[in-house]
Structures are given as structure tokens and as C-alpha cells.
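Notes follow the structure.
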Amino acid sequence: MQSNASPYVAHNPDAQGVIHWSAAEHATWQALVQRQRPTLAELACPAYLAGTQLLQLSEQSIPDLADLDRRLLDSTGWRTEPVPALIDFPRFFALLSNRRFPVATFIRSRAEMDYLQEPDVFHEIFGHCPLLTNPAFARFTEVYGQLGLAASKEDRTYLARLYWFTVEFGLLQNQQGQRSIYGGGILSSPTETAYAYSSEVPERLPFDLLTVLRTPYRIDILQPVYFYLDSIEQLFDVTQQDIMATVQQAKKLGVLPARFPLK
């Protein structure tokens, strides 16, 4: 669903499914990739880096979704779905449950290079799509969509926290303390990348499903807390848990105190 407050207008694919981007939009993509890629070579998790190689993401231009789909389908059976800036929860969950990842068909302006509340094509493709080539991440995202599609409106509020602290802002940290990033909200943001990886300000906690479901967040600030998995394969283990039973437990216990000023 397109946000009424959004200054952006999404592109509509033509009859052949091709999105026609302007030279200025391709230049914005190039600037974003050139700024972030060297950092991620050091800080992103191996599964993400392998995914960028498999997808052959261009540095010069916004990728063609059909080309991206062919590589995603070959790896994990996923494909993209062009959407406006925002879609409603029923459609979002329905797409994920059918292994279709929504990709917003607009790119941020030069004035918002550092921060954008809405997910744009850079965030969706550069931040998320490489991990969809990983079986554990792909399966987790599919199961998440299936659960969300069947959930009540109240339960979806709790499920949103699970997505936020994994797919969007998840970290990895092994037993030796070596840290890397897999969350697309971090990977697509230079500021959040440095902050999440090395700042002493945020708290970093081992992933615990019940705690994650009870932890509030804000979308317009650097995160005060991150949760880390031992490895990306641990997402397989999460899908084996009774997530909705844990949602009911979280509802009974209530939301934890916010670690940030309330609006």
C-alpha cells in the first residue's frame, strides 16, 4: 500500500515486466553501492557475501528484477515482487509465504542517502536479496510469512518484532566473539553498519525468541539493542520452535520497558 505521506512515486513495470529507471536513479544506486560495498566486505556475514556473488549485483545500475529472479529461483526458489513503497500486512505475509520478496520500485533521493524510513529498491535488493540465496534465511522468511498470514492483528504486532530483530537488524556472533552482520536494515545503512558492529552504545544480546517478541523498537533511531545468532543456520532452529505459542506467552507477560524515549 502506497503511503499517503510518501514523497516518492513508485515505477510501474511495463507490459514485459521491465522497470525503466532514469540515469539519475541508476547514478544514485551506483553511489550507494560504492559507498557501502567496501565496508560490507569486512563486516557482512559470509552468507551475505556469497549471495552478492551469486546474484551478480551490478554496481553501475539498478538490477533488472527478471535477471535477479532467475538466480534466486535457481538457488532457493524465491523471486521478487515489484510493489509500491508500502504494502499492507496481509499482502506482505502472503508474498513471503509464497516465496516472493516485495521490492519497492523507487529509489531514495540524494537528500536522503543516509537515512530513509521507507524501504526502497536499494534496501530491498542490496540489503535483503543476497541472503535469500541462503537456505536457512530463505526458509525462515517463508515460515515467517506463513505464520503472519494466519495470525491475528494483535499477534502480528509481536511477529513484527521477530522480523525486525532478525531479517532487518540481526547480527551474528560466534563463541570466539567474532561478529558479523546479516540484517538488511543494517547492511543497507552505512551509519547503522558502523554503529551496530563496533559502537559501545547499543546492547547486544544472544537471540532468545521470547525476549525478542517482547522487545519494542522504533524505526527512526539507531537501535539501542541488537540480538545475535551463533550462525545463520540457527534460523533453521528458530523455525522448528512453536513460534505462535511463544507469541501467546509473550502476550501474557507483556512488552518489556522501552530502551528509547517514547514519542
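The values are calculated or read from the model by the stated rules, or taken from the named source; none is laboratory data. Please read all numbers here as calculations on a predicted model, not as lab measurements. When we count neighbours, we look across all protein chains shown, and the Cβ atoms used for this are built from the backbone with ideal geometry, even at glycine.
Whether any residue in the stretch 203-217 is at negative phi, among the β-branched types (Val, Ile, Thr) and exposed (fewer than 15 other Cβ atoms within 10 Å of the Cβ) is what I want to check.
No, every residue in the stretch 203-217 fails to be at negative phi, among the β-branched types (Val, Ile, Thr) and exposed (fewer than 15 other Cβ atoms within 10 Å of the Cβ).
Given (1) buried (at least 18 other Cβ atoms within 10 Å of the Cβ); (2) more than 24 Å from Asp88 (Cα to Cα), where does Gln249 come up short, assuming only one miss?
(1)
Looking at the stretch 167-260, what strands (runs of 3 or more DSSP E) fall wholly within it and have at least 2 residues that are among the aromatic types (Phe, Trp, Tyr) and within 30 Å of Asp120 (Cβ to Cβ)?
It comes to 225-229.
For the subset of the stretch 12-25 comprising residues that are out of contact with any strand residue (DSSP E or B) (no Cβ under 8 Å at 6 or more places or on another chain) and surrounded by 15 or more Cβ atoms within 10 Å (Cβ to Cβ), which member is farthest from Gln178 (Cα to Cα)?
Here the residue is Trp21.
Within the stretch 192-200, does at least one residue satisfy the condition of being under 21 Å from Gly145 (Cα atoms), of a type outside the set (A, V, I, L, M) and within 18 Å of the chain's Cα centre (by Cα)?
No, the stretch 192-200 contains no residue that is under 21 Å from Gly145 (Cα atoms), of a type outside the set (A, V, I, L, M) and within 18 Å of the chain's Cα centre (by Cα).
Do you know which residues across the stretch 163-211 are within 25 Å of Ala245 (Cα to Cα), in contact (Cβ under 8 Å) with a residue 40 or more places away in the chain and among the hydroxyl-bearing types (Ser, Thr, Tyr)?
Thr166, Thr211
Among the residues in the stretch 168-175, are any within 22 Å of Thr105 (Cα to Cα) and charged (D, E, K, R)?
Yes - at least one qualifying residue is present in the stretch 168-175.
Restricting to the stretch 111-133, and then to whatever is closer than 17 Å to Glu59 by Cα and either of a type in the set (Lys, Arg) or touching a Gly at 6+ places or on another chain (Cβ under 6 Å) (or both), can you tell me which residue is surrounded by the fewest Cβ atoms within 10 Å (Cβ to Cβ)?
Applying the filter and picking the extreme gives Gly127.
Sort out which residues of the stretch 1-26 are aliphatic (A, V, I, L, M), at pLDDT 90 or above and more than 23 Å from the chain's Cα centre (by Cα), and write them in order of number.
Within the stretch 1-26, Val18, Ala23, Ala24 qualify.
To keep it simple, each residue is scored yes or no on (1) among the aromatic types (Phe, Trp, Tyr); (2) within 20 Å of Ser188 (Cα to Cα).
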| position | (1), (2) |
| --- | --- |
| His11 | no, no |
| Ala15 | no, no |
| Val18 | no, no |
| Trp29 | yes, yes |
| Arg35 | no, yes |
| Leu40 | no, yes |
| Cys45 | no, yes |
| Tyr48 | yes, yes |
| Leu55 | no, yes |
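Give the residue, chosen from Ala94, Ala136, that is assigned to a helix (DSSP H, G or I), out of contact with any strand residue (DSSP E or B) (no Cβ under 7 Å at 6 or more places or on another chain), at pLDDT 95 or above and farther than 26 Å from Ile62 by Cβ.
Just a single option satisfies the conditions, and that option is Ala136.
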